[in-house]
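Before any comments, here is the structure.
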Amino acid sequence: MEQVKALFDQANAFLTAQFGELGPLLIVGVLGMFLILLTLPILLKKEKDPFDQIKAAARGEAMKDEAGKPKLRRGRGKGGDKLDKYASFLEPQDEQEYSDIKLKLMQAGYRSKDAVRTYHFLQFLLGVLFLIFGIIYAIYSSVSGEPSTQALIISVIGPGAAGYMLPKYWVTKRQQTRQEEITNGFPDSLDMMLVCVEAGQSLDQAIVRVSKEIRAGFPALADEFEQVAGEMKAGKDRTSVLRDMSERAGVPDVASFVTVLIQSASFGTSISEALRVFSAEMRDKRIMRAEEKANTLPTKMTLATMMLTVPPLLIILIGPSVHGVVETLSKANF
């Protein structure tokens, strides 16, 4: 027992001499990280519950054939099945959480079947990588200096948290950019759709034409209209197709447009008249948004104007007087 204690004291003294006072703690953290990385493959290869496979099949996941190999769904390549065996670890098991993340990714433009799985995989991968970088930096800072315990903890946990939140920030930023693009291009697409309908085309043909014409300026909105046209050609109900478009876009203007079209079809009113009124309203809303941004511009420019204008003005006005006072004082001292 005494020999073990002596060995422990020697190891503790050696680590303290090499890495500072927190050397043993850093070594324990590194060993814990390696043990976690070694344990993950065992956890990821665990057998799936049959009920989990049924739930995955209900959500559109790959079914297995009699040989036990996953079947490829139409529209997917073999590369999409690499993470299938980790689905229970990478995907949320709660249906509501899974639906919310899937909807957010769809609104950001990621519509593949493996989008949720890839999103969580990137969160896990970047979190682990940045955490390893933080541990390496903490060890280096302990060797080169004597940082405080709080600084070491921040240098280890901070990069890991940043790496974990990076995919979420990217998806949120992409979602906002895409929704802004759809909002800006929607009035023009309505005007073009109104022209097509009044020229004698049906609503389906007008949507196809509009998706082709606006792709150069607003590709996100063109993708939405193209998917609507494809689902209508496939025989899906128009009401459900339009509601799905509203859900994918996540823009209030598109939701109002869908409501107008559904009500027009339900009450048997003219679609061209409904489009004419709604397109005029969308143009007014776009003008109001532009005026709102123009009205906030003076407030935003106030600080920049003060910082860039007031100091040079003070130098020009007060500079000669200050120079004269300094010269007078210098002559008086002589």
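The values are calculated or read from the model by the stated rules, or taken from the named source; none is laboratory data. Keep in mind the model is a prediction, meaning the values are calculated, not measured. Note: ideal-geometry Cβ built from the backbone for every residue, glycine included; neighbour counts use all protein chains shown.
Overview of results
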read-out: Of residues in region 169-184 being of a type in the set (A, V, I, L, M, F, W, C) and buried (at least 19 other Cβ atoms within 10 Å of the Cβ), the one farthest from Met288 (Cα to Cα); value: Val171
read-out: Number of the condition not met by Arg117 [criteria: (1) in contact with a helix residue (DSSP H, G or I) (Cβ under 8 Å, 6 or more places away or on another chain); (2) surrounded by fewer than 20 Cβ atoms within 10 Å (Cβ to Cβ)]; value: (2)
read-out: So Ala199, is it over 25 Å from Lys104 (Cα atoms) and without any contact (Cβ under 8 Å) to a residue 40 or more places away in the chain; value: yes
read-out: Residue satisfying condition, being under 30 Å from Ile132 (Cα atoms), of a type in the set (A, V, I, L, M) and surrounded by 15 or more Cβ atoms within 10 Å (Cβ to Cβ), within set Leu221, Leu194, Leu166; value: Leu166
read-out: Some residue of region 285-305 being part of a helix (DSSP H, G or I), of a type in the set (A, V, I, L, M, F, W, C) and touching a Phe, Trp or Tyr at 6+ places or on another chain (Cβ under 8 Å); value: no
read-out: Count - residues of region 147-161 that are in contact with a Phe, Trp or Tyr (Cβ under 6 Å, 6 or more places away or on another chain) and either loosely packed, with under 15 Cβ neighbours inside 10 Å or modelled with pLDDT of 85 or more (or both); value: 2
read-out: Test for Gly235: is it among the small types (Gly, Ala, Ser) and outside any helix (DSSP H, G or I); value: yes
read-out: One residue from Thr269, Thr328 being assigned by TED's automatic domain parsing to the domain that holds Ser246 and of a type outside the set (D, E, K, R); value: Thr269
